[in-house]
Every structure is written in structure tokens, then in C-alpha cells.
Amino acid sequence: MKVNYKFWISLIISSLLGLLIAWIDSRPNWDDSGITAVMIFCVSAFFGFIMINRPWLWALCVGIWIPLNSILFYMNYTAILALIFAFIGSYVGSLFHKLFFKEV
């Protein structure tokens, strides 16, 4: 059985970056949702670009941590909107890869 190291390393790194963004967003002095949304979008787009097969997985790995944190600790269900930016970013990255590199 062949192990796809690129996939597993990308999965771990995308999850860690998502956790880092959620940690930054949860700081008491951090009150800039726009920058958080852009960070989620860019990281998701990057992983959607380099690993085009499963953009939904990269969106979840990056974007699920802010809603989990907000729902579990603050009962803030509107944080689910962070997933929208993650999914849009991931699919945009995947689309750009398919448009500019025709080898799929």
C-alpha cells in the first residue's frame, strides 16, 4: 500500500494553520473579523490550489476551528459563517489551478 505523504502533510499543516487562525481570533484584544476572514480565505485557497482533488476537505481543515471554538465556549452560532470563506477560498484555489495548469 502506497502512503501519500503529500496528502497527510498537507492535512496536518492545514489543520494547524486553521487552529492558529482560530487561536488568533479568540484573543481578547483581537477584534478584526475582516482580517480573520481574509486569512481563512487565503490559507484555504492555497491548499485548494496545491491539492485540487478535495477542496471541501481543505475548507473544513482550515475553517472548522473558529466555529467550534465560538460554539463550544461562547454559544456564538454566527461563527459558522467562517466556513463560507473557507469553502469559497478552497474552491477558488482549485479553480485557478485547473484554469492555469490544464493537467488534472
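Values in this text are rule-based calculations from the coordinates and carry no lab data. Fair warning: this is a prediction, and the values are worked out from it, not measured in the lab. Because the Cβ atoms are built from the backbone with ideal geometry, glycine has one as well, and the counts that use them run over all protein chains shown.
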1/(1 + (r/R0)^6) with r = Cβ-Cβ of residue 38 and residue 3, R0 = 35 Å, i.e. FRET efficiency to nearest 0.05, evaluates to 0.55
Here the gain from full extension of residue 23 to residue 53, 0.36 nm per residue of separation minus their alpha-carbon distance, amounts to 8.0 nm
Highest mean packing first, using Cβ neighbours within 10 angstrom, the peptides 56-68, 11-23, 30-42 sort as 56-68, 11-23, 30-42
Karplus ³J(HN,Hα) for segment 26-39 (6.51 cos²θ - 1.76 cosθ + 1.60, θ = phi - 60°; Hz, whole; x = Gly/Pro) runs 8, 5, x, 8, 8, 9, 10, 5, x, 5, 4, 5, 5, 4
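Per DSSP H run of n ≥ 4, the term is -39500 (n - 2.57); total these for the chain, divide by its residue number, and report the mean residue ellipticity at 222 nm rounded to 500 deg cm²/dmol. Please list the in-between numbers first.
Values: 5 runs with 78 residues, N = 104.
-24500 deg cm²/dmol, from helical runs alone.
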Computed ³J(HN,Hα) along segment 10-20: with the Karplus parameters 6.51/-1.76/1.60, θ = phi - 60°, integer Hz and x for glycine or proline, the list is 5, 5, 5, 5, 5, 5, 5, 5, x, 5, 4
